[in-house]
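The values are calculated or read from the model by the stated rules, or taken from the named source; none is laboratory data. This is a predicted model, so every value here is computed, not measured. Glycine gets a Cβ as well: all are built from the backbone with ideal geometry, and neighbour counts include every protein chain shown.
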Amino acid sequence: MKQILQSLKTGAVSLADIPCPAPGRGQLLIRTSRTLVSSGTERMLVDFGKAGWIDKARQQPDKVRMVLEKIRTDGLMPTIEAVLNKLDQPIALGYCNVGTVVAVGPGVTGFEVGDRVASNGKHAEWVAVPAILCAKVPEGVGDEEAAFTVLGAIALQGIRLVQPTLGECVVVTGLGLIGLVTVQLLRAQGCRVLGLDFDPAKLELARRFGAEVVDLSAGADPVAAGMAFSRGRGVDAVIITAATQSNEPVHQAARMSRKRGRIVLVGVVGLELSRADFFEKELSFQVSCSYGPGRYDPAYEDKGNDYPVGFVRWTEQRNFEAVLDMLADRRLDAQALVSHRFELAQVEEAYALVAGSGPSLGIVLEYPAGAQDAPPARTVALGTQPAAAAGPAAGEAAVAFIGAGNYAGAVLIPAFRATGARLRTLASAGGVSSVHSGRKFGFEQATTDTEALLRDEATNIVVVSTRHDSHARYVLAARAQGKHVFVEKPLCLTHDELQQIEQAYAGANAPLLMVGLNRRFAPQVQRMQALLAGAPGPKAFVMTVNAGAIPANHWTQDREAGGGRLIGEGCHFIDLLRFLAASPIERSDVAVMGDATRDSITITLGFADGSIGTVHYLANGVKSFPKERLEVFAAGRVLQLDNFRRLTGFGWPGFAKMNLWRQDKGQNACAAAFVEAVRQGRPSPVPLAELLEVARVSIELAGKV
């Protein structure tokens, strides 16, 4: 299928061949008929991509500070690689989609195959969208009109925050698409509306919709106009839908408002506020969050947990429905907002218009009707010739990846490519990242069909780099197909999953299982292990991890999706101490710092040989401090490892230090050891018993947090 992508590095927009997605749980698969280009948002992305390095930095000063901190802690080259990798990833554009449902995912109610729906799907011929972000299109509303649904919901949410009443005076600053929809919806609610803009054509449209207007290009004073419009009392509310770096829109809104007036920002403007502007009038200022309640809430958008209507009357989905009702009642005129129509194949022409200075408003993309209702292929070849599907020869490593996210693209895939393994198939849920990374690293094909990937006879290694809650499922599925498995940590999230994996891998002829606990393969850790092997008596380990704060709504914090931070990342450090102690863990406990996040913990471990270990995993530090430090006390000597760059020995005969030019946490060595074991028919580089032991301890400790 075809999908529109944009490069963050260059700003170039292209039409790419992407494997068709499948509807996941709670999702609908939709065949697109129309999408609407959001001129403001998408032009901003294109402009950012075309900007040079200096301009990119100026636009994102917070990111610049993060880069400088990473240079101080991790070194220059890893930071440059991380930035380039981030900019190299394409963006799937679009969020105003209309089409027909062709498949319904598990757990979906209220939708059927054949329904016409509006959604926030991308500019793509086929999209998989959570059903809770879809709304049925009423009879009598055309696809082109319905393409304005999501954009209309953005305008509607700004109005809901203003809470206008019949007869109030409301100013709309900025008469682009959202501003003109805002004008119409305010008029439908019985408000008097004053529109401000520099474009005479947009001002004329606003006048047609019943607003009074002020032409800012003619030098008119918007504050004086607002005062006159409100009969000298000051306007009741201002909705800012403009896009500018200037602080003037907010300053002007405050000056023209009455006492206790309301100002809502829907667009993007400068926010250097004057206290005097707001203090004397006790003005309220609020920033609107996109489509409405539920936006950016994983429980709502990803899991489909709707808010009770008695407590949250207007959610994202219900705002979509309200806009569609307004279109059906002809109280919202979308046709008047369409300035250009392009076929999907004319994408370059369409985005040249978006990025140019020529006049445009609503740009509608029309999709081919399609000769068949069945979705297109879910696997696409990435080379000029279809890849051979022959099974791997003796001693060959043929790798398939499930998951093409940031870590896979930045670390895991390069590590496996460096081994010389055959890169067979790369899978991702949406298909975009698998095609991009697949071409970048030389995979033979990209897919959204993990079942076909697992059945592929040309593959003998499956790498799992998906979200944590799917790890056990994919490990067991790959084991059932007789594949060797490398799974990014953690191995699993629950005792039941661990028991199933243990049973599946019992027996002498089981394929290899490896978990990406890479720190034990770091060159400095390997040197520490060699030194400690000659030190008599038990050892004491003190591991300090400056983990940093992660928002509570991040998926890794979700016990069902990510397992929590102890299972998700803490397992790394439990395994590291287990490796250096070279002795089974007999005792373990955890203490939690008494704050709301419960992210700062101390893990204590007792080993069979009498060694002890402490892991301070702390989320309340600062990023400018190095992330990881390990100190080992043994036989009257000390080893200190700082952030996998500097290893110092105190009291060790013949060893003083081992410093690296760049940080090395062992990812490449970990992948290389696993691939070599497959090629040579040797056991896994990490014994299965240790993998299960570390997983069991991590799960038990997480249950106490």
Residue list for segment 670-696, restricted to those being of a type outside the set (Asp, Glu), part of a helix (DSSP H, G or I) and surrounded by fewer than 21 Cβ atoms within 10 Å (Cβ to Cβ): ALA672, ALA673, ALA677, ARG679, GLN680, LEU688, ALA689, LEU692, ARG696
Failed item in (1) assigned by TED's automatic domain parsing to the domain that holds ALA124; (2) of a type outside the set (Phe, Trp, Tyr); (3) in contact with a Leu (Cβ under 9 Å, 6 or more places away or on another chain), with GLY358 passing the rest: (3)
Tell me, which residue of segment 564-599 that is surrounded by fewer than 20 Cβ atoms within 10 Å (Cβ to Cβ) and of a type in the set (Gly, Ala, Ser) is farthest from GLN526 (Cα to Cα)? ALA596
Name the residues in segment 450-503 that are among the polar types (S, T, N, Q), within 27 Å of the chain's Cα centre (by Cα) and not in a helix (DSSP H, G or I), would you? SER465, THR466, THR494
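For residues that are more than 18 Å from SER470 (Cα to Cα) and either at pLDDT below 95 or in contact with a Cys (Cβ under 9 Å, 6 or more places away or on another chain) (or both), tally how many sit in segment 543-569.
The number of residues fulfilling the criteria is 7.
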Just checking: which of the strands (runs of 3 or more DSSP E) contained wholly in segment 583-639 hold 1 or more residues that are in the same structural domain as ALA552 (by TED's automatic domain parsing) and free of Cβ contacts under 8 Å to residues at least 24 places away in the same chain? 585-592, 601-607
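Residues are listed down the side, and each one gets a yes or a no for (1) under 19 Å from VAL213 (Cβ atoms); (2) out of contact with any Pro (no Cβ under 7 Å at 6 or more places or on another chain); (3) of a type in the set (D, E, K, R); (4) crowded, with 24+ Cβ neighbours inside 10 Å:
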position	(1), (2), (3), (4)
LYS136	no, yes, yes, no
GLY142	no, yes, no, no
VAL150	no, yes, no, yes
LEU161	no, yes, no, no
THR173	yes, no, no, yes
Of VAL137, VAL150, VAL113, VAL162, the only residue that is free of Cβ contacts under 8 Å to residues at least 40 places away in the same chain, touching a strand residue (DSSP E or B) at 6+ places or on another chain (Cβ under 8 Å) and on the phi < 0 side of the Ramachandran plot is VAL113
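I'm checking my understanding of the structure. Among residues of segment 640-664 that are free of Cβ contacts under 8 Å to residues at least 12 places away in the same chain and surrounded by fewer than 13 Cβ atoms within 10 Å (Cβ to Cβ), which one is nearest to the chain's Cα centre (by Cα)? Even if it seems obvious, please write down each step before you answer.
Looking only at segment 640-664, we keep the residues that are free of Cβ contacts under 8 Å to residues at least 12 places away in the same chain, and these are 640, 648, 653-654, 656-657.
Subsequent filtering for residues that are surrounded by fewer than 13 Cβ atoms within 10 Å (Cβ to Cβ) retains 653-654, 656-657.
On the way: PRO653: 49, GLY654: 48, ALA656: 43, LYS657: 40 Å.
Looking at residues that are free of Cβ contacts under 8 Å to residues at least 12 places away in the same chain and surrounded by fewer than 13 Cβ atoms within 10 Å (Cβ to Cβ), I get LYS657.
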Of (1) of a type in the set (Gly, Ala, Ser); (2) under 26 Å from GLY649 (Cα atoms); (3) surrounded by fewer than 20 Cβ atoms within 10 Å (Cβ to Cβ), ALA561 satisfies all except one. Which? (2)
I'd like to check something: does segment 284-302 contain any residue that is buried (at least 21 other Cβ atoms within 10 Å of the Cβ) and part of a helix (DSSP H, G or I)? yes
From the list LEU186, LEU194, which one is among the hydrophobic types (A, V, I, L, M, F, W, C), crowded, with 23+ Cβ neighbours inside 10 Å and part of a strand (DSSP E or B)? LEU194
Taking ILE461, is it within 30 Å of GLY40 (Cβ to Cβ) and touching a His at 6+ places or on another chain (Cβ under 6 Å)? no
With the first residue restricted to segment 382-395 and required to be at negative phi and at pLDDT 60 or above, and the second required to be in a loop (DSSP other than H, G, I, E, B) and hydroxyl-bearing (Ser, Thr, Tyr), Cβ contacts under 8 Å at 6 or more apart or on different chains are PRO392/THR459
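Answer with yes or no whether PHE229 is surrounded by fewer than 14 Cβ atoms within 10 Å (Cβ to Cβ) and aromatic (Phe, Trp, Tyr).
When the stated conditions are applied, PHE229 does not pass them.
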Inspect segment 147-163 for any residue being over 30 Å from GLU248 (Cβ atoms) and either over 28 Å from the mean Cα position of the chain (by Cα) or of a type in the set (Gly, Ala, Ser) (or both) and give the result as yes or no. yes
Checking SER339 against (1) outside the structural domain of GLY121 (by TED's automatic domain parsing); (2) in contact with a strand residue (DSSP E or B) (Cβ under 9 Å, 6 or more places away or on another chain); (3) not in a helix (DSSP H, G or I): exactly one of these is not met. Which one? (1)
Could we say that SER428 is under 23 Å from ASP664 (Cβ atoms) and of a type in the set (S, T, N, Q) here? no
Is it fair to say CYS169 is farther than 22 Å from ALA328 by Cα and of a type outside the set (Val, Ile, Thr)? yes
How many residues, within segment 219-251, are of a type outside the set (Asp, Glu), free of Cβ contacts under 8 Å to residues at least 12 places away in the same chain and at negative phi? 3
What's the number of the only condition in (1) farther than 13 Å from ALA522 by Cβ; (2) touching a Pro at 6+ places or on another chain (Cβ under 9 Å); (3) buried (at least 19 other Cβ atoms within 10 Å of the Cβ) that ALA635 fails to meet? (3)
Looking at segment 269-283, is at least one residue assigned by TED's automatic domain parsing to the domain that holds ARG192, under 30 Å from GLN27 (Cα atoms) and either buried (at least 17 other Cβ atoms within 10 Å of the Cβ) or without any contact (Cβ under 8 Å) to a residue 24 or more places away in the chain (or both)? no
The condition from (1) in a helix (DSSP H, G or I); (2) free of Cβ contacts under 8 Å to residues at least 12 places away in the same chain; (3) more than 30 Å from LYS657 (Cβ to Cβ) that ASN509 misses is numbered (1)
If you go through segment 105-128 one residue at a time, how many are closer than 22 Å to GLU343 by Cβ and acidic (Asp, Glu)? 1
Looking at segment 542-556, which of its residues are in contact (Cβ under 8 Å) with a residue 12 or more places away in the chain and not aromatic (Phe, Trp, Tyr)? VAL542, MET543, THR544, VAL545, ASN546, ALA547, GLY548, ALA549, ILE550, ALA552, ASN553, THR556
